Amino acid sequence: MNNVYQGREQTEAKHIILRRYLQRLAFKTLLGGWSNLAYIDGFSGPWESRTEDHSDSSFMIAIQVLKEVQQKARELGKKPSIRCFFVEENRQSFAQLQAAVAPFHKPADGFTIETFNGKFEDAVVQMKKTMAGSFALTFIDPTGWTGYEFEKVKPVFEHTPGEVLLNFMFDFVNRFTASSDPVTLATFDGILGPGWKQRLDASSLPREEALTAMFNEQFCAAGRFKFVLSTPIEKLSDRTHFRLVYGTRSAEGLDVYRDVEFLALKDHGMRRAHARHSLTETRSGQISLFDAGHDANMAGQTIEAQLVATKSAAADWLRGQLPNCPKPFSEIWPAMLDQFMMRKVDAKQVCVDLGKAGEIRETWRMGGSKRRTPSETDLIHPA
Ligand SMILES: C[S@@+](CC[C@H](N)C(=O)[O-])C[C@H]1O[C@@H](n2cnc3c(N)ncnc32)[C@H](O)[C@@H]1O
């Protein structure tokens, strides 16, 4: 796999996260009470694919994962039905897409694939039909910042139960929002909201953070999401970067996404630089999967070492919450994961450490319990 991604590290990162997240999501939904799962790919490609079977394309990655999970769910006595919907505007790419996915369209087997040759924004009605009655994951992976105006694609984002994973081409947005051409500037209304330029000029945040925050806000509103996470992914060669933006209404989804994000970092020996930003910033200021490592202090550190710093910042945050406690751990960890690039297991550890330090009560150990970490209903209680 590494060879086909040589020089395309960003694509690899994107695909790793998509593959792992979809796998976990599919297992969770299909074994957890849902029998229908829909996967929508709004900008399918193929695009710069280097394999004959397009196994390095998002659509084929999704098909392989979903087939596998469907099979396993069947072995466990379930009757899972999978629906895929692939959109591609370019006629030649569409022809390749169609030929590649046709063999997997097996309605009798509970696996259907629909394709749409046209613009993502024009397929909303069809996509809604496919999603009806299913848990849906929508993947949006454009080449620029147009083609998914929130006002137009809102019905897809709002689908419940459902989630969205979107590739936000941050560098382009950063560069072209500085243009002096009014026509170009107007193209950002659809993702940054009307009046974005005035809001940007008035923001006290650094430009990059203000743009990211504005985007996340519009994205969040469009899908009525409860949580929006943004994973920065940087390219080593020219330092261009994009962000994978994930929107969900479910704390469980948040938990799984943070896990997947962490594994993607760890397995690939990637560094998370600029971690200091992540300590102070929330949705807008997280850290990079691929980074040239300009921060000398962070460059040599393992993910685990960097996590120590993140946990320390999360502990400070929790101290700040204590005047409003007691609250059950089930309310604490999602807020922590929403703000800090950490997993639920790390949130537990933060509580355990504060418990040991006598700053909060070790409620999870009360009544002779041998539990070493808090569970959902345990109260986080100032000492
Ligand atoms: C970045 S590529 C997708 C790569 C693919 N998701 C992957 O990971 O392998 C974007 C694709 O979207 C197509 N495209 C561009 N504008 C579009 C639109 N408005 N609607 C649908 N497809 C579009 C392009 O032709 C291109 O194939």
Does Leu192 satisfy being away from the ligand (no atom under 16 Å from the Cβ) and open to solvent by 20 Å² or more (accessible area, probe 1.4 Å)? no
Pair list, Cβ under 6 Å, 6 or more apart: the stretch 150-178 residue not assigned by TED's automatic domain parsing to the domain that holds Ser230, other residue open to solvent by 10 Å² or more (accessible area, probe 1.4 Å) and part of a helix (DSSP H, G or I): none
From the list Glu158, Glu149, exactly one residue is closer than 30 Å to Arg83 by Cα, within 14 Å of the ligand (Cβ to nearest atom) and either open to solvent by 40 Å² or more (accessible area, probe 1.4 Å) or of a type in the set (Ser, Thr, Tyr) (or both). Which is it? Glu149
Under 6 Å by Cβ, and 6 or more places apart or on different chains, what pairs join a residue from the stretch 194-206 that is among the aliphatic types (A, V, I, L, M) with one that is part of a helix (DSSP H, G or I)? Leu200/Ala210
Flag for Phe59 being in contact with a Ser or Thr (Cβ under 6 Å, 6 or more places away or on another chain) and not in a helix (DSSP H, G or I): no
Kindly check whether there is at least one residue in the stretch 4-11 that is closer than 19 Å to Asp56 by Cβ, open to solvent by 20 Å² or more (accessible area, probe 1.4 Å) and without any contact (Cβ under 8 Å) to a residue 24 or more places away in the chain. yes
If I filter the stretch 104-119 for residues that are touching a Gly at 6+ places or on another chain (Cβ under 6 Å) and within 8 Å of the ligand (Cβ to nearest atom), do I get at least one hit? no
From Val228, Val260, Val245, grab the single residue that is in a helix (DSSP H, G or I), modelled with pLDDT of 95 or more, open to solvent by less than 50 Å² (accessible area, probe 1.4 Å) and not basic (Lys, Arg). Val260
What number of residues in the stretch 76-99 are near the ligand (Cβ under 9 Å from one of its atoms), buried (at least 22 other Cβ atoms within 10 Å of the Cβ) and among the hydrophobic types (A, V, I, L, M, F, W, C)? 2
Against the condition surrounded by 16 or more Cβ atoms within 10 Å (Cβ to Cβ), of a type in the set (Asp, Glu), modelled with pLDDT under 95 and out of contact with any His (no Cβ under 6 Å at 6 or more places or on another chain), how does Asp291 come out, does it pass? yes
Reported set for the stretch 31-74 where residues are of a type in the set (Asp, Glu), within 8 Å of the ligand (Cβ to nearest atom) and without any contact (Cβ under 8 Å) to a residue 60 or more places away in the chain is Glu48, Asp56
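Would you point out which residue out of Ala299, Ala335, Ala314, Ala309 is under 29 Å from Phe225 (Cα atoms), modelled with pLDDT under 95 and either open to solvent by 20 Å² or more (accessible area, probe 1.4 Å) or not hydroxyl-bearing (Ser, Thr, Tyr) (or both)?
Going through Ala299, Ala335, Ala314, Ala309 in turn, the sole match is Ala309.
The values are calculated or read from the model by the stated rules, or taken from the named source; none is laboratory data. Bear in mind that the values here come from a model prediction, so they are computed numbers and not experimental data. Ideal geometry is used to build each Cβ from the backbone, glycine not excepted, and the neighbour counts take in all protein chains shown. Only protein heavy atoms, including side chains, enter the accessible area calculation; ligands, DNA and RNA are left aside. Shrake-Rupley method; radii C 1.70, N 1.55, O 1.52, S 1.80 Å.
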